[in-house]
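Undergrad: I'd like to ask some things about the structure below.
The values are calculated or read from the model by the stated rules, or taken from the named source; none is laboratory data. Everything numeric here is computed off the predicted structure, so don't read it as measured data. Please note: Cβ atoms are built from the backbone with ideal geometry, for glycine as well, and neighbour counts cover all protein chains shown. Side chains are part of the model used for accessible areas, which takes the heavy atoms of the whole protein and leaves out ligands, DNA and RNA. Shrake-Rupley method; radii C 1.70, N 1.55, O 1.52, S 1.80 Å.
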Amino acid sequence: MSNIKNVVIIGASGNLGPTVLNQFVNSPFNVTVFSRKESNAVFPESVKVIKTDFSSESLSQNLAGQDAVICTLGGVEGFRDQARIIDAAIAAGVKRFIPSEFGSDTTSPEVLNIVPAFGPKVETIDYLKSKESEAFSWTSVIPGLFFDWGSKFGSIGFDFQNRKAAIWDGGDVAFSATNTSTVGLALVRSLSAPNLEATRNRHVFLASHTVTQNEMVTALEKLTGQSWEISNVDSALVIEGKSKEFRDGNSKAAFPLIQSSIFGKPGFCNFTGKTWNEKLGLPKEDFEADLKDILEGRKPEPFGRQVGRYPDWSDPGSK
Ligand SMILES: NC(=O)c1ccc[n+]([C@@H]2O[C@H](COP(=O)([O-])OP(=O)(O)OC[C@H]3O[C@@H](n4cnc5c(N)ncnc54)[C@H](OP(=O)(O)O)[C@@H]3O)[C@@H](O)[C@H]2O)c1
């Protein structure tokens, strides 16, 4: 496969996108952002932005000459839009497509059993597999939880502001989590010439850290010199209650179900032995230094609109 030069990022204005965009702006790739016509997202002036209605016509016209597409878009409609984007990308001669995965291991039947909300992500991978050819391939990046973003915004169960922690099933389940900037760097490296063949039609697992919630409490109490207030969560009860809510149409019930699959026993987000960090030459990251950066506001990167729009991450009991 010839090298990738021109890269499109779709959904570069959300929680993950700005950090990914930042990594590409600082890479040898030429980057273009596609943003919805109605979006009021703001991007750095140096970045080429194309406003599109995501119709097949607009996509084919604007994808001409592009080598890779990265989707960091969110929401179920966004995930479902990807089939149309994939068709247009193939027609335009795009070589590599990276779908909006960026979370749990959606190849795991156990995860899918607990989190049916991942269905549209799986459908996208299945669609990509059906389109594999000499000229077209995909890469799916699986970082577990976002370590920096999830620490700050509650998905890892911690309230950094008020020094509180929701600890699941005793807190000894190891889980993998990756800083958002590392996800961005892994994307740059995955599309770089030396790794392009290795990442072809593959799930690329990442982990900045594989730790337990109890290890996080110990480190945070040491770093802050304070005791953190602990509450206990029973994953079996959450799965029972939230599965029913999800079936009844509350899409937000997906978030505590994702947490149950990660922190609940036995834990389905431990990527030990299958991460690509070393293969992609990603720098080793220091657990305590990262927690210190998060506590002191240096992480997640203050770039773009990282607002954390999942209010009930830190409160599995909320409706
Ligand atoms: N591992 C984790 O801890 C974790 C946490 C959060 C998210 N994620 C994953 O990361 C990925 C990105 O999530 P996110 O939270 O960053 O997404 P997001 O903020 O919900 O959306 C990202 C961008 O997608 C575009 N968008 C939204 N709806 C769209 C639609 N219907 N059609 C086309 N574009 C649309 C918007 O960009 P414009 O306004 O520019 O059009 C939006 O800013 C998802 O796969 C998500 O599941 C993982």
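Undergrad: If a residue counts only when it is assigned by TED's automatic domain parsing to the domain that holds PHE136, over 16 Å from LYS131 (Cβ atoms) and not hydroxyl-bearing (Ser, Thr, Tyr), which strands (runs of 3 or more DSSP E) contained entirely in the range 35-108 have at least 3 such residues?
TA: So the answer is 48-52.
Undergrad: Please determine, by comparing only the residues of the range 107-143 that are over 29 Å from ALA88 (Cα atoms) and under 16 Å from the mean Cα position of the chain (by Cα), which one is farthest from the ligand (Cβ to nearest atom).
TA: By that ranking, first place goes to VAL111.
Undergrad: Against the definition (open to solvent by 10 Å² or more (accessible area, probe 1.4 Å), touching a Pro at 6+ places or on another chain (Cβ under 8 Å) and within 12 Å of the ligand (Cβ to nearest atom)), how does ARG84 come out, yes or no?
TA: So ARG84 does not fit the description; no.
Undergrad: Something else: Test ALA186 against the stated conditions and say whether it is in a strand (DSSP E or B), modelled with pLDDT of 95 or more and buried (at least 22 other Cβ atoms within 10 Å of the Cβ).
TA: no
Undergrad: Can you pull out every residue in the range 49-71 that is farther than 21 Å from ASN3 by Cα and within 15 Å of the ligand (Cβ to nearest atom)?
TA: Across the range 49-71, the qualifying residues are VAL49, ILE50, LYS51, THR52, ASP53, PHE54, SER55, SER56, SER58, LEU59.
Undergrad: Looking at PHE158, PHE175, PHE153, which one is open to solvent by 30 Å² or more (accessible area, probe 1.4 Å), closer than 17 Å to PHE263 by Cβ and within 15 Å of the ligand (Cβ to nearest atom)?
TA: Checking each option against the conditions leaves just PHE153.
Undergrad: Do you know which residues across the range 131-142 are of a type in the set (Gly, Ala, Ser) and open to solvent by 10 Å² or more (accessible area, probe 1.4 Å)?
TA: SER133, ALA135, listed by residue number.
Undergrad: Now, a different point. Go through the range 93-130 and report how many residues are within 16 Å of ILE70 (Cα to Cα) and open to solvent by less than 30 Å² (accessible area, probe 1.4 Å).
TA: 13
Undergrad: Take the range 178-190 and flag every residue that is within 11 Å of the ligand (Cβ to nearest atom) and in contact (Cβ under 8 Å) with a residue 40 or more places away in the chain.
TA: ASN179, THR180, VAL183
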